[in-house]
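Engineer: Would you mind keeping the following structure in view while I ask a few things?
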Amino acid sequence: MGKITFYVVPAVMGGILLWSMIRRRKTFEIFCEGAKEGLGTAARILPPLIAVMTAIGMFRACGALELFCQLLRPAMEGLGIPAEVLPLALLRPISGSGSLAVLEDILRQYGADSLIGRVASVLQGSTETTFYTIAVYFGATSVTRTRHTLPSALLGDILSIFISAWAVRLFLGG
């Protein structure tokens, strides 16, 4: 397996060059055009990305995350969702790296095989960084109106919170 993978990338690159020579394409010029287009895309993505990252920092630094957790705690416990996963559930749609750090804290404190650890793990794997994804994809395509995207994505995230707790209890006990 090791020797095969060692040759795959050079074989693919050689195949592309051979195909472009057969088709009489100017491979280097096409590559440079693609790279130039990629830089333009990166320039369009950067402002929304900076805005999202700034909002994440402000959300955590001002204590809004902790406040939301305290407000939602009784409702979540009443619905059978461990309140300890609330910071993860609130942060996951906003920040992948921030939610990963929260997951790490949960796993360190409660253990990976605990109900809380399992729910947190399933939640982390079954939700998306909604705001980050919308900022990147819509920024790359210069779309300014998210229309139904944001409400639909957030509904999916909310359902994932409930289904994560339900699935863990159903399949893994707890």
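Engineer: Explain nothing, just the number: relative contact order of region 13-163, from Cα pairs under 8 Å at least 6 residues apart, as a whole percent.
Structural biologist: 24
Engineer: Oh, and also: Can you give the FRET efficiency to the nearest 0.05 for residue 26 and residue 140, using r as the Cβ-Cβ distance and R₀ = 30 Å?
Structural biologist: Efficiency, rounded to the nearest 0.05: 0.70.
Engineer: May I ask you to compute the full-extension gain from residue 104 to residue 159, defined as 0.36 nm times their residue separation minus their alpha-carbon distance, rounded to one decimal in nm?
Structural biologist: 17.6 nm
Engineer: Sticking with this structure for a sec: What is the percent of Cα-Cα separations in region 90-168 that go past 19 Å?
Structural biologist: So the portion of pairs separated by more than 19 Å is 41 percent.
Engineer: Ok, one more. So if we plug the beta-carbon distance of residue 170 and residue 71 into 1/(1 + (r/R0)^6) with R0 = 25 Å, what FRET efficiency do we get, rounded to 0.05?
Structural biologist: The calculated FRET efficiency here is 0.35.
Engineer: I would also like to ask the following. Given R₀ = 22 Å, what would the calculated FRET efficiency be for residue 58 paired with residue 79, taking r from the Cβ atoms and rounding to 0.05?
Structural biologist: That pair, residue 58 with residue 79, gives E of 0.15.
Engineer: How long are the semi-axes of the ellipsoid equivalent to region 1-56, from square roots of 5 times the Cα gyration tensor eigenvalues, in whole Å, largest first?
Structural biologist: Working from the Cα gyration tensor, I get semi-axes of 35, 20, 5 Å.
Engineer: Next up: Per residue of the chain, what 222 nm ellipticity follows from adding -39500 (n - 2.57) for every DSSP H run with n ≥ 4, rounded to the nearest 500?
Structural biologist: -27000 deg cm²/dmol, from helical runs alone.
Engineer: Using all C-alpha to C-alpha distances in the chain, build P(r) with 10 Å bins and read off the rounded percent in each one.
Structural biologist: 9, 26, 23, 19, 15, 7, 1
Every number in this text was worked out from the coordinates using simple rules, so none of it is lab data. Worth saying up front: this structure is predicted, and the values here are computed from it rather than measured. For neighbour counting, all protein chains shown are included, and Cβ atoms are generated from backbone atoms with ideal geometry for every residue, glycine included.
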